[in-house]
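Novice: The structure's right below; bear with me while I get my questions together.
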Amino acid sequence: GAAVPFPLLPLAVAFATSIYAAAESERHHRDQEVIELARRESENRFRVLAETAPVLIWMMNAAGKCTYLNPEWERFLGHPITPRDSERLWDNIHPEDRLAAQTAMGEPTTRREPWEVEYRIRGTDGRYRWLLTRGTPRFTAEGEFEGYVGSATDLTARKEETEVAAAARNAALEAG
């Protein structure tokens, strides 16, 4: 038979290919570890900020369910946060404000832009308080909609001051 010019060539190619595949696999594994570390650091940074911020912070999933309330909600609600609190928040919005809130938030599965709305919400003491709530959409790295992250500011004192000033103005006009 004829001599094969490079009898070990197929073996050398197979060996080189396996080394390349192993190196690529190791690089991919390291990349995944770096990505996971960055994700954990980002989540930790968010949590530290959210848990120390003097504003109400919340997260909502793509189905419209509240999945996170920061500790400031405890001060606002007047008691420790329970999983049911996030489910009941919507029920505590003043009936006259629900339509405005729904319109501003839109259908979570279709509205994918920032929004803001003012509404009254009932606290545990039964008193309604005013909130200004803002929501910003969240997306995965692949562009898939994940829901919203947002903040809410208690406007009650400002609203009450405005009402007192308006009442005083009206009283002065009537007396004048």
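The values are calculated or read from the model by the stated rules, or taken from the named source; none is laboratory data. Treat the numbers as computed from the prediction; the structure is a model and nothing was measured. Please note that ligands, DNA and RNA were not included when accessible areas were found on the heavy atoms of the full protein model with its side chains. Shrake-Rupley method; radii C 1.70, N 1.55, O 1.52, S 1.80 Å.
Novice: Quick check for you: with a 1.4 Å probe and neighbouring chains kept, what is the accessible area per residue of the range 77-163, in Å²?
Specialist: 59
Novice: Over the range 14-61, what per residue volume does the convex hull of the Cα atoms give, in whole Å³?
Specialist: Output value, Cα hull per residue: 53 Å³.
Novice: Given the Cα atoms of the range 43-103, and with Rh set as the inverse mean 1/r over their pairs in the Kirkwood sense, what is Rg to Rh to two decimals?
Specialist: Looking at the range 43-103, the ratio lands at 0.99.
Novice: Over what distance in Å are the Cα centres of the range 22-69 and the range 122-176 separated?
Specialist: The range 22-69 and the range 122-176 have Cα centres separated by 29 Å.
Novice: What list of ³J(HN,Hα) couplings, whole Hz, do you get for the range 39-55 from phi and the Karplus terms 6.51, -1.76, 1.60, once you set θ to phi - 60° and write x for glycine and proline?
Specialist: 5, 5, 5, 5, 4, 5, 4, 4, 4, 4, 4, 5, 7, 10, 6, x, 10
Novice: With the full set of protein chains in place, find how many percent of the accessible area of the chain is carbon and sulfur; take the probe as 1.4 Å.
Specialist: 58
Novice: Taking only DSSP H segments of four or more residues, each worth -39500 (n - 2.57), what value at 222 nm results for the chain once the sum is divided by all its residues, to the nearest 500 deg cm²/dmol?
Specialist: -16000 deg cm²/dmol
Novice: Test of understanding: in a Gaussian network model of the chain with alpha carbons linked when under 10 Å, which of 166, 63, 12 would top the mean-square fluctuation ranking?
Specialist: Residue with maximal mean-square fluctuation among 166, 63, 12: 12.
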